[in-house]
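Enquirer: Input: one structure, supplied below.
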Amino acid sequence: MIDIQNRFGLRSTKQLRDWVKKFQYNGTNNSLTATPSRKQVGIMSRKTTFEERIEIVEYVTVSEHSYFQAAEHFNVSYQQARSWVLKAKASGYTALKDHRGRTKPSEEMTEVERLRLENRQPKTQIKEQEVYDLFLKKVREIQNKE
(Lines give C-alpha, C1' and ligand atoms only; values in the text may rest on other atoms or scores of the structure.)
Protein backbone atom coordinates (compact mmCIF):
# COMPACT_ATOMS: atom_id res chain seq x y z
CA MET A 1 0.00 0.00 0.00
CA ILE A 2 2.78 2.42 0.91
CA ASP A 3 4.64 1.68 -2.33
CA ILE A 4 1.52 2.42 -4.38
CA GLN A 5 0.86 5.54 -2.29
CA ASN A 6 4.33 6.87 -3.03
CA ARG A 7 4.23 5.81 -6.68
CA PHE A 8 0.99 7.70 -7.42
CA GLY A 9 1.50 10.60 -5.01
CA LEU A 10 -1.42 9.84 -2.71
CA ARG A 11 -1.60 11.64 0.64
CA SER A 12 -2.39 8.51 2.60
CA THR A 13 -3.11 4.83 2.17
CA LYS A 14 -6.69 5.40 3.34
CA GLN A 15 -7.65 6.80 -0.05
CA LEU A 16 -6.26 3.71 -1.75
CA ARG A 17 -8.06 1.40 0.71
CA ASP A 18 -11.35 3.23 0.00
CA TRP A 19 -10.85 2.77 -3.73
CA VAL A 20 -10.17 -0.94 -3.31
CA LYS A 21 -13.29 -1.38 -1.15
CA LYS A 22 -15.39 0.51 -3.66
CA PHE A 23 -14.06 -1.61 -6.52
CA GLN A 24 -14.68 -4.86 -4.63
CA TYR A 25 -18.25 -4.02 -3.60
CA ASN A 26 -19.19 -2.46 -6.93
CA GLY A 27 -18.05 -5.19 -9.29
CA THR A 28 -19.99 -3.55 -12.13
CA ASN A 29 -17.94 -0.37 -11.81
CA ASN A 30 -14.73 -1.13 -13.71
CA SER A 31 -13.25 2.35 -13.34
CA LEU A 32 -11.98 4.24 -10.37
CA THR A 33 -12.94 7.64 -11.73
CA ALA A 34 -15.00 9.98 -9.63
CA THR A 35 -18.70 10.16 -10.44
CA PRO A 36 -20.73 13.34 -10.05
CA SER A 37 -22.65 13.41 -6.80
CA ARG A 38 -25.70 15.06 -8.37
CA LYS A 39 -27.30 15.36 -11.76
CA GLN A 40 -25.79 17.95 -14.05
CA VAL A 41 -27.85 20.98 -15.08
CA GLY A 42 -28.88 20.50 -18.69
CA ILE A 43 -30.03 23.67 -20.39
CA MET A 44 -29.82 27.24 -19.28
CA SER A 45 -32.68 29.58 -20.00
CA ARG A 46 -33.48 30.72 -23.51
CA LYS A 47 -35.94 33.18 -24.99
CA THR A 48 -39.34 31.73 -25.80
CA THR A 49 -42.48 33.11 -27.35
CA PHE A 50 -45.86 33.24 -25.67
CA GLU A 51 -47.11 30.47 -27.97
CA GLU A 52 -44.14 28.24 -27.09
CA ARG A 53 -44.90 28.65 -23.38
CA ILE A 54 -48.51 27.66 -23.93
CA GLU A 55 -47.37 24.63 -25.92
CA ILE A 56 -45.00 23.59 -23.10
CA VAL A 57 -47.74 23.96 -20.49
CA GLU A 58 -50.12 21.85 -22.58
CA TYR A 59 -47.38 19.25 -23.13
CA VAL A 60 -47.09 18.83 -19.36
CA THR A 61 -50.74 19.14 -18.35
CA VAL A 62 -52.66 17.54 -21.22
CA SER A 63 -50.15 14.89 -22.24
CA GLU A 64 -49.17 14.27 -18.59
CA HIS A 65 -45.44 14.52 -19.18
CA SER A 66 -43.02 15.50 -16.44
CA TYR A 67 -41.29 18.88 -16.21
CA PHE A 68 -38.02 17.13 -17.02
CA GLN A 69 -39.46 15.57 -20.18
CA ALA A 70 -40.87 18.93 -21.27
CA ALA A 71 -37.54 20.62 -20.61
CA GLU A 72 -35.70 18.11 -22.77
CA HIS A 73 -38.32 18.08 -25.54
CA PHE A 74 -38.54 21.87 -25.89
CA ASN A 75 -34.89 22.63 -25.07
CA VAL A 76 -35.65 24.82 -22.04
CA SER A 77 -34.60 24.54 -18.42
CA TYR A 78 -36.50 22.47 -15.88
CA GLN A 79 -37.13 25.58 -13.77
CA GLN A 80 -38.68 27.44 -16.71
CA ALA A 81 -41.03 24.59 -17.58
CA ARG A 82 -42.10 24.18 -13.97
CA SER A 83 -42.67 27.88 -13.34
CA TRP A 84 -44.74 28.27 -16.52
CA VAL A 85 -46.97 25.32 -15.62
CA LEU A 86 -47.49 26.61 -12.07
CA LYS A 87 -48.26 30.13 -13.33
CA ALA A 88 -50.74 28.81 -15.90
CA LYS A 89 -52.49 26.65 -13.29
CA ALA A 90 -52.72 29.53 -10.83
CA SER A 91 -53.65 32.43 -13.13
CA GLY A 92 -54.33 31.05 -16.60
CA TYR A 93 -52.41 31.47 -19.82
CA THR A 94 -52.31 35.27 -19.55
CA ALA A 95 -49.81 34.87 -16.68
CA LEU A 96 -47.31 33.47 -19.21
CA LYS A 97 -46.94 36.82 -20.97
CA ASP A 98 -43.69 38.67 -20.42
CA HIS A 99 -44.48 42.16 -19.16
CA ARG A 100 -40.92 43.35 -18.67
CA GLY A 101 -40.28 46.79 -20.10
CA ARG A 102 -43.94 47.53 -20.65
CA THR A 103 -45.24 50.95 -19.65
CA LYS A 104 -48.90 51.52 -19.15
CA PRO A 105 -50.68 53.86 -21.53
CA SER A 106 -51.83 57.05 -19.81
CA GLU A 107 -55.46 55.90 -20.16
CA GLU A 108 -54.77 52.85 -17.94
CA MET A 109 -52.91 54.83 -15.27
CA THR A 110 -54.58 55.99 -12.11
CA GLU A 111 -54.32 59.63 -11.17
CA VAL A 112 -51.69 58.86 -8.53
CA GLU A 113 -49.54 56.94 -11.07
CA ARG A 114 -49.87 59.77 -13.59
CA LEU A 115 -48.78 62.35 -10.98
CA ARG A 116 -45.81 60.19 -9.93
CA LEU A 117 -44.69 59.93 -13.55
CA GLU A 118 -45.00 63.68 -14.05
CA ASN A 119 -43.04 64.24 -10.83
CA ARG A 120 -40.25 61.88 -11.93
CA GLN A 121 -39.56 63.69 -15.19
CA PRO A 122 -38.34 67.00 -13.65
CA LYS A 123 -36.31 65.08 -11.06
CA THR A 124 -34.58 63.17 -13.87
CA GLN A 125 -33.85 66.38 -15.75
CA ILE A 126 -32.38 67.98 -12.61
CA LYS A 127 -30.17 64.93 -12.02
CA GLU A 128 -28.97 64.97 -15.63
CA GLN A 129 -28.12 68.68 -15.32
CA GLU A 130 -26.13 68.03 -12.12
CA VAL A 131 -24.11 65.30 -13.86
CA TYR A 132 -23.48 67.60 -16.82
CA ASP A 133 -22.34 70.43 -14.50
CA LEU A 134 -19.94 68.09 -12.68
CA PHE A 135 -18.54 66.94 -16.01
CA LEU A 136 -17.94 70.54 -17.13
CA LYS A 137 -16.28 71.33 -13.82
CA LYS A 138 -13.91 68.38 -14.22
CA VAL A 139 -13.08 69.36 -17.81
CA ARG A 140 -12.23 72.92 -16.66
CA GLU A 141 -9.99 71.54 -13.88
CA ILE A 142 -8.09 69.44 -16.41
CA GLN A 143 -7.71 72.38 -18.78
CA ASN A 144 -6.41 74.63 -15.99
CA LYS A 145 -3.76 72.05 -15.06
CA GLU A 146 -2.43 72.05 -18.60
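The values are calculated or read from the model by the stated rules, or taken from the named source; none is laboratory data. From a predicted model like this one, the values you see are computed outputs, not experimental measurements. Counting neighbours? That spans all protein chains shown, and the Cβs are built from the backbone with ideal geometry, glycine included. Heavy atoms of the whole protein, side chains included, go into the accessibility calculation; ligands, DNA and RNA do not. Shrake-Rupley method; radii C 1.70, N 1.55, O 1.52, S 1.80 Å.
Enquirer: GLU113 to LEU86: FRET efficiency via 1/(1 + (r/R0)^6), r the Cβ-Cβ distance, R0 22 Å, to the nearest 0.05? Let's see the in-between values first.
Expert: Numbers: r = 29 Å, r/R0 = 1.32.
Rounded to the nearest 0.05, the efficiency is 0.15.
Enquirer: Would you please give the FRET efficiency between ILE126 and HIS99, computed as 1/(1 + (r/R0)^6) with r the Cβ-Cβ distance and R0 = 30 Å, to the nearest 0.05? Write down the numbers at each step before the final one.
Expert: Values: r = 30 Å, r/R0 = 0.98.
Efficiency, from the Cβ-Cβ distance: 0.50.
Enquirer: Something else now. Under 16 Å from the Cα of LYS127, which aspartates and glutamates turn up, not counting those fewer than eight places away in the same chain?
Expert: The reachable aspartates and glutamates, counting only those whose Cα sits under 16 Å from LYS127, are GLU118.
Enquirer: Sequence neighbours fewer than 8 away in the same chain don't count; with that in mind, list the lysines whose C-alpha is under 18 Å from LYS97.
Expert: Leaving aside lysines fewer than 8 places away in the same chain, those within reach of LYS97 are LYS47, LYS87, LYS89.
Enquirer: Just the number please: accessible area per residue for region 40-146, 1.4 Å probe, all protein chains included, in Å². Write out the running numbers ahead of the final one.
Expert: Values: 8970 Å² over 107 residues.
Ligands and nucleic acids excluded, the result is 84 Å² per residue.
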